[in-house]
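Before any comments, here is the structure.
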Amino acid sequence: MAGLAVDRPWWDRLEWSVRVDVIRWRARASVVETGAGVRGDGVAAATTIVNAKVFDGTKSPGWTSVRFADGLITQCSAAPAARAGDEVIDAGGGTVLPGLIDAHVHLVPGALAQSLTFGVTTVLDMFSPPGLVARAREQAGSRPDVADVRSSGVGATAPGGHPSMMYAPFPTLTAADQAGQFVAERIAEGSDYLKIISGTGGLWPSLDSATIRALVTSAHARGLLVVAHVSSTAGVEEVVSAGVDVVAHVPADAELDPALVERMAGAGIAVGPTLATIENTLGEPGGAAVAADPRLAEALGDGWARRLTSGAPGWPGREMPPYSRAEDNVRRLAAAGVTLLAGTDAPNPGTVFGASLHRELELLVRCGISPAQALAAATAGPARVFGLTDRGRVAAGHRADLVLVSGDPLTDITATRAIERVWRAGTACDRRAFVASAAEAEQLDAFDARVARVVAAVRERWSSLGPRRAP
Ligand SMILES: [Zn+2]
């Protein structure tokens, strides 16, 4: 507290009440200088939540109270932790959760602000152009009203490979001896991890297995985690054999081989199934289910509700695998003890930033994992896998990324939608600020343009491949 040191002897002569005023004035001057944790009256604010249940990222430790100040959690306890001067929030028996982490998004403008309104305090981008990533990073670093972000930047894929239909032109590879250069360029651009696209079993041109292996080797040599997109069970086999750390998506083309699932569990490979997107892709009305939940409606707004209920674009005449097979494969992974990560793949058709993560949690529980495991898949799990050591837990010393919900998501996972409050690094989020804002209008335009581009590209691809070819 060096900033509060006061001189004597004039100090000794002051009445106590005047001394308190001087301390307050000096504290105000010091926090205004740093700009951190400033309350309306200029005094650094501490907030204490009382009368709560707490899920700490893996379990419920029996705490009822969480205190935070200057962006960090300072105390968690079974007894009320409030001190004089704190803002006290009575949770009314509701549940405090770590801020949620969406382990799979693709940025569009407004993604970070919209995510935060649904309690998602960190998003992990899994392929976006460098300009979009730079703008998101700048926002996350300078504004308290948006989620934080990590990104792969441009992922590794073949020329014309997925997701060229969204983002081309961008750098691609054609051979294993280009892997080192590709990884070095991503590190220079600030990528937090490497994304690799396995197109095996998919619709688009694909990297060969030797190139995927070389990319994994190069990334690991530079200390980068590797996330691999898969389109099929053969793709899972390919990327697991290449030694990736995280598999993105769960295949629905066939049942996952039990021996492969055991290898994944043994190797500690995590899987982010993104069921919230897959259900829509395979014809299930998951987006409509999100739009129909009154607990999500206010922060969702009419513009997004319309887009979610308009349904997946649909591929007339195409045979799609049954969505239930995707859930069956998640059930196999969970039963084998594979770490699951909750990710939405928003803004794919039928999904939206933030709200769809609550849908993903519901779908994961449907696959047989407990609500606590599902919550861990959106908090402590991705924090551990992606090395985000300052978040994903309610614990003293961690970022005050917090969500307060009414009810108990450990008994009913959909209670995560009954959000009362969201704090990002200790700053309360105005959950009504995004709907009908200029930022939302920009986002809807960007989203509509992207959907139109993808739908046109997929239709063209299918017509070039001939009838009845499924992805
Ligand atoms: Zn994706």
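Working only within the stretch 376-410, note down all residues that are touching a residue at least 40 places away in the same chain (Cβ under 8 Å) and hydroxyl-bearing (Ser, Thr, Tyr). Once the filter is applied, which keeps residues that are touching a residue at least 40 places away in the same chain (Cβ under 8 Å) and hydroxyl-bearing (Ser, Thr, Tyr), the stretch 376-410 yields 379, 406.
Residue-by-condition table, conditions (1) buried (at least 22 other Cβ atoms within 10 Å of the Cβ); (2) among the acidic types (Asp, Glu); (3) at pLDDT 95 or above; (4) within 30 Å of residue 193 (Cβ to Cβ):
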| residue | (1), (2), (3), (4) |
| --- | --- |
| 381 | yes, no, yes, yes |
| 389 | no, no, yes, yes |
| 393 | yes, no, yes, yes |
| 405 | yes, no, yes, yes |
| 464 | no, no, no, no |
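For the stretch 149-170, state whether one or more residues are closer than 17 Å to residue 426 by Cα and not aliphatic (A, V, I, L, M). Within the stretch 149-170 (the criterion being closer than 17 Å to residue 426 by Cα and not aliphatic (A, V, I, L, M)), the answer is no, since none of the residues qualifies. Tell me, yes or no, whether the stretch 322-333 has at least one residue that is away from the ligand (no atom under 16 Å from the Cβ), crowded, with 18+ Cβ neighbours inside 10 Å, at pLDDT 95 or above and aliphatic (A, V, I, L, M). Yes, that holds for at least one residue.
The combined condition, being modelled with pLDDT under 95 and touching a Lys or Arg at 6+ places or on another chain (Cβ under 9 Å), is fulfilled by residue 165. Within the stretch 100-109, being surrounded by 24 or more Cβ atoms within 10 Å (Cβ to Cβ) and more than 16 Å from the ligand (Cβ to nearest atom) holds for one residue alone: 100.
Just to check your reading of the model, which residue among 439, 395, 433 is closer than 22 Å to residue 303 by Cα, assigned to a loop (DSSP other than H, G, I, E, B) and not hydroxyl-bearing (Ser, Thr, Tyr)? It would help to see each step written out before you state the result.
Numbers: 439 fails: assigned to a loop (DSSP other than H, G, I, E, B); 395 fails: closer than 22 Å to residue 303 by Cα.
The conditions single out 433.
Checked against (1) polar (S, T, N, Q); (2) out of contact with any strand residue (DSSP E or B) (no Cβ under 6 Å at 6 or more places or on another chain); (3) at pLDDT 95 or above; (4) closer than 22 Å to residue 293 by Cα, residue 344 passes all but condition (2). The residue that is farthest from residue 135 (Cα to Cα), among those in the stretch 175-211 that are free of Cβ contacts under 8 Å to residues at least 40 places away in the same chain and among the hydrophobic types (A, V, I, L, M, F, W, C), is 210. Scanning the stretch 260-276 finds one or more residues that are under 20 Å from residue 127 (Cα atoms) and in a helix (DSSP H, G or I). Taking the criterion of being outside any loop (DSSP other than H, G, I, E, B), buried (at least 21 other Cβ atoms within 10 Å of the Cβ) and touching a residue at least 24 places away in the same chain (Cβ under 8 Å), the residues of the stretch 53-77 that qualify are 54, 66, 68, 73, 76. Applying the criterion of being touching a Phe, Trp or Tyr at 6+ places or on another chain (Cβ under 8 Å) and of a type in the set (Asp, Glu) to the residues of the stretch 274-305, the residue that is farthest from the ligand (Cβ to nearest atom) is 284. Just so you know, in the stretch 147-160 the residues that are free of Cβ contacts under 8 Å to residues at least 60 places away in the same chain and either surrounded by 18 or more Cβ atoms within 10 Å (Cβ to Cβ) or more than 30 Å from residue 214 (Cα to Cα) (or both) include one that is farthest from the chain's Cα centre (by Cα), and it is 158.
Scanning the stretch 232-279 for residues being farther than 22 Å from residue 382 by Cβ and not charged (D, E, K, R) gives a total of 9.
Given the criterion surrounded by 24 or more Cβ atoms within 10 Å (Cβ to Cβ), assigned to a helix (DSSP H, G or I), at pLDDT 95 or above and in contact with a helix residue (DSSP H, G or I) (Cβ under 7 Å, 6 or more places away or on another chain), identify the matching residue among 116, 97, 112.
Working: 116 fails: in contact with a helix residue (DSSP H, G or I) (Cβ under 7 Å, 6 or more places away or on another chain); 97 fails: assigned to a helix (DSSP H, G or I).
Criteria check complete, one pass: 112.
When residue 96 is tested against (1) hydrophobic (A, V, I, L, M, F, W, C); (2) within 16 Å of the ligand (Cβ to nearest atom); (3) over 16 Å from the mean Cα position of the chain (by Cα), only condition (2) is not met. If you go through the stretch 212-241 and keep only what is in contact (Cβ under 8 Å) with a residue 60 or more places away in the chain and crowded, with 23+ Cβ neighbours inside 10 Å, you end up with 227, 229. Checked against (1) outside any strand (DSSP E or B); (2) within 28 Å of residue 388 (Cα to Cα); (3) hydrophobic (A, V, I, L, M, F, W, C), residue 196 meets all criteria but (1).
Can you find even one residue in the stretch 202-213 that is in a helix (DSSP H, G or I), over 12 Å from residue 156 (Cβ atoms) and hydrophobic (A, V, I, L, M, F, W, C)? Scanning the stretch 202-213 turns up at least one residue that is in a helix (DSSP H, G or I), over 12 Å from residue 156 (Cβ atoms) and hydrophobic (A, V, I, L, M, F, W, C). Under the condition of being of a type in the set (S, T, N, Q) and away from the ligand (no atom under 16 Å from the Cβ), the residues counted in the stretch 157-199 number 4.
The values are calculated or read from the model by the stated rules, or taken from the named source; none is laboratory data. Note that the structure is predicted; figures quoted are calculated from it, not measured. Here the Cβ is made from the backbone with ideal geometry for all residues, glycine too, and neighbour counts use every protein chain on show.
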